[in-house]
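Report on the following structure.
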Amino acid sequence: MNWGQSELPSPVVRDDEVTVAARRRRKKVAFPSPGGGSPVFSSVTPARSLRNTPASLFRQTVTPRVPDVSSILAPGGRTPRYTHTPRNTLGSQNLDDSDWTHSMFTSPLAGLENTSFFTEDVGNLSSALLKEDDPGEAAAASLFPEFLASFLKHSSSAVFELLEDYQTLCQDKVDVLQSVVLRAGQNSKTAGVRWLLLQESSSWRLITSLYRDRVQLALEDDITMLDIVPSESEKVVVEQLFQRDAVIRQSQLVVDWLECIAKDQIGDFSDNIEYYAKNVCWENTLHALKMRRKSGAGFTVPLVTELDPDAPLRQQRPLADLDREDDARLLKNLFTLIRAGMTEEAQRLCKRCGQAWRAATLEGWKLYHDPNMTSGSIELQPVEGNPQRGIWKACCWRMAEEEQLNRYERAIYASLSGNLKPLLAVVEKDLMSSGMAHQEVESLPREYLEANWTMEKVFEELQASESKRVLEETGEHYHVIQKFAILGDLDGLLEEFSDWLKSSKPLPSHLLRFMSHLLLFFCSLGLALKEELCVDVLKAYVTLLIQDQQTDLVASYVGQLPAELGTVQYAAFLETVTQAELRPRCLQLATEAGLDVSAITKLVVETVRERDDTVFTHHNQTLETATTKEDQRKIEVIDWLLFDPAHRAEALKQSNAIMRKFLALQKHDAAKAVFSKVPEDSMKEICCQWAGIGQATLPAEDENAIREHLCIRAYLEAHEAFTDWFSHSSSAPQKPAPVPEAKFTERVANEMREKEYQSSFSSWSCRLDVLTEDVKERIYNVLLFVDGGWMVDNRQDSEQDSERSHQMVVLRSLCLPRLSFLLLSVLQNSTRHQEALRLADIISSDQHRLYQVFSKEELRRFLQKLRESSLSLLDRGLDPLGYELQPSI
């Protein structure tokens, strides 16, 4: 050291900005420029037409390889097998005084110091969001339709472009929520939502890089083992190693991913960070030594007497307080840069602070390469890298073990040598060193040579940690997904998903969305997955969408389920859709998603109509039953089958089934409401549909359904006719009472009332006769229904439906005796006793065999009623059957 160099001004008399308190006062929050921040993927596939998904991805025969996996890679071509990952150099950057020692995966409240520059529109958006009860969920709610739009936009071959879209969508929402968090506070729910989306964005980035490499590996099964030439350089050897060893290559991808996360957390540095030493190392100590040399006095505080890099450790003496503070700050920032993969920026910072020797210690990781060995050129080319990397790494290892050094300095050299213990003291769960185990010389410590840092070993060590914080973070949902993605253990990942779904604590909605789209991505690659577990995840996501009333999204995800299950799931969803205006839209979306709309609507109707436990059997109920809310649901559910004319035959069958139950329960108003739902042209429409395909004769099922519909119509008309007759017969005009010994005016008024009564009674009697004839005709239409009788199938070659057959038999035994008694009462009340006796002939005839549907008790009561008619005829001078009595000879 040249002690005679020019004097430096004393640090004590410099501006107060160099003091700690002043620097804290002057510290400002650095807002990065709009162009800064995380890189955004620009390769966006142009919009394509929405694809139909007629079959589930789970229904295909999955194999570990896809037939033409080359189409899955992005259009830009293949990713190079080995990409040298330099420690990134950024432009003029610096570090602030923030503590970047937290783990790579920050908590929901961390990482909020680095705010982004937001436009006025984003500011207005954040103000509007703050008015919501949960602004974070409100801002991120659009991710659900946006993810579906991306899923439908990209073809099955552009899966990695799809993943890049997913990451971009999440990162955009993180940026929006950042401004909301700054206003709502770091303890708000929005901060938690932002953290979830930040973790999801990082996970998509990791999965994209790993599986792009794994898919490319499937393309290159013909790669042969490369022979390593001893004379070649380390760089060439490692490049060949990366070419043939997927584990090493993917480990480096994980390291790159971790470094990228750390870089995002750092953000952009302001350029006005001040260090005590500008160009001279330890200038405060240097100043003190020069002042001592001039004055000859001793130090009040013992300091080093030499200024070589090893002096503090060798002499066991400290530097000046300001230099020690400056060194600690510098080392912390150097560690942050190295952790983010920015080694060259760290070296630049060392040189700027006068520590070029420290920059040189960060240079030794580079692989040695002498191009002159193989180029054959006469002109010498520069040699790159470190020919003694083993010695350098051994030195780094020992420096990391030196307990007297600053903990950040130890962590720096630990990360460069693969020494986990000192590194974990600073970053408890950073995996940076996991990919640094390469073949080295025997000069490395035994601990290094014996270490087998596979990915599995790294995660085992994390799970065996004694730190509560590490254990909590390793069990966090997104970190578990990242772990299994790195290990490529999809079965283990699905088992974790299954355990999460079975937990009593509901999963966050954004996590469930991430899980579903991740499984859809794996299926698009043709990977072998456990179908039942994949189905459980998608079912849970569909349930979430239904609960959140995301009507437009349900069909597309149900379309990814197996056909039968998809039908059940979408039918259950349609049951919850009560708004009439939404129903056609739901069916349209189902059609676009490739779902079996006919089977779905049929299942919806069957599920609703079979929900009650009423037994279809004989009963003694005679009074009309009111329509309940459950009955109203059965009436309205038939609408699902009426939107598409192609479903008209099914609508007829289902409406018949609903009306059968209503008729058995004496719910005639409900049955009429169902009947009125069915369009009048349904039978014509069914015939036209079959005629349109060249089939003149209807199928037996459809023909029987049409006949049953006509039977029910005849019964309802008969019942309505009786209701009209009964209402009219009960409203006969009242005869005016005679007024005895009335005055002349009163007698005149009474005569006028009598005439009015006679006129009204005559009109009433005529109307009653018409109604009597009408009800008689309509009831006979039921009792004497053509071609085999009422509720009897005309064709027996249809598929047997035992339940329907049973209900029709029971309905005959319930309704036909009931109508017979009604007709009998009508005829007797109209004094048509002879016609009442003819009804007995019809019931007892062998042609119609109506007596078979009567029970013994009903026949006994019916004969008792006929006895009353016979007695009335005898009173009128006729015989018991209504014929005139023949004079005796």
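The values are calculated or read from the model by the stated rules, or taken from the named source; none is laboratory data. What you see is a predicted model; the values in this text were computed from it and never measured. Please note: Cβ atoms are built from the backbone with ideal geometry, for glycine as well, and neighbour counts cover all protein chains shown. Surface areas here come from the heavy atoms of the whole protein model, side chains and all, with no ligands, DNA or RNA. Shrake-Rupley method; radii C 1.70, N 1.55, O 1.52, S 1.80 Å.
Given a 1.4 Å probe and the protein chains as shown, His848 ends up with an accessible area of around 60 Å². The Cα center of segment 349-399 and the Cα center of segment 678-745 differ in position by 100 Å. Surface composition of segment 629-668: carbon and sulfur make up 50 percent of the accessible area, probe 1.4 Å. With θ taken as phi - 60° and the Karplus curve 6.51 cos²θ - 1.76 cosθ + 1.60 applied, the whole-hertz 3J(HN,Hα) list for segment 587-596 is 5, 5, 5, 5, 5, 5, 7, x, 7, 7 Hz, x standing for glycine and proline. Put a dot 7 Å past the Cα of Arg352, heading toward its Cβ, do the same for Thr454, and the two dots end up 4.4 nm apart.
Of the listed peptides 285-292, 759-766, what is their order by residue-averaged count of other C-beta atoms within 10 Å, with the highest listed first?
On the way: 285-292: 19.1, 759-766: 12.6.
My ranking of the peptides, most packed first, is 285-292, 759-766.
Per residue, the accessible area of segment 455-570 comes to 40 Å², computed with a 1.4 Å probe over protein heavy atoms only.
In the complete set of protein chains, residue-level accessible area for Glu606 is approximately 50 Å², probe 1.4 angstrom.
When the pairs Lys153/Lys173; Lys393/Lys421; Lys634/Lys661; Lys457/Lys483; Lys189/Lys539; Lys421/Lys457 are compared against a 18 Å limit on Cα-Cα distance, Lys153/Lys173; Lys189/Lys539 fall above it. In straight-distance terms, cross-link reach from Lys290 covers every one of the lysines whose alpha-carbon lies under 26 Å from its own, apart from those fewer than eight places away in the same chain; here that gives Lys278, Lys351.
Tell me, what % of the accessible area of segment 451-540 is carbon and sulfur with a 1.4 angstrom probe? Summing carbon and sulfur atoms, their accessible area is 48 percent of the total for segment 451-540.
Residues in segment 752-758 carry Karplus couplings, in order, of 5, 5, 5, 5, 4, 4, 4 Hz; the curve used is 6.51 cos²θ - 1.76 cosθ + 1.60 with θ = phi - 60°, and Gly or Pro positions show x. In segment 733-889, what percent of the accessible surface is made up of carbon and sulfur (1.4 Å probe, ligands and nucleic acids excluded)? With neighbouring chains kept in place, the figure for segment 733-889 is 52 percent. For Leu881, no residue 5 or more places off, or on another chain, has a built amide H under 5 Å of its own. Of the trypsin sites (Lys or Arg not before Pro) found in segment 666-766, those in coil by DSSP whose Cβ has at most 12 other Cβ atoms within 10 Å are Lys743. Set the bar at 25 Å for Cα to Cα. Now go through Lys629/Lys672; Lys468/Lys530; Lys530/Lys602; Lys629/Lys653; Lys602/Lys684 and name every pair that lies beyond it. Check vs 25 Å cut-off fails for Lys468/Lys530; Lys530/Lys602. Quick one: how many lysine pairs in segment 725-870 have C-alpha atoms under 19 angstrom apart, if they're 8 or more apart or on different chains? Close lysine pairs under the 19 Å cut-off: 4. Rolling a 1.4 angstrom probe over the protein heavy atoms with all chains in place gives segment 619-732 an accessible area of 45 Å² per residue. In this structure the amide hydrogen of Leu367, modeled in the peptide plane, comes within under 5 Å of the amide hydrogens of Asn386, none closer than 5 places in sequence on its chain. Here the 3J(HN,Hα) profile of segment 199-216, calculated from phi with Karplus coefficients 6.51, -1.76 and 1.60 at θ = phi - 60°, is 5, 5, 4, 5, 5, 4, 5, 5, 5, 4, 5, 5, 7, 5, 5, 5, 5, 5 Hz, Gly and Pro shown as x.
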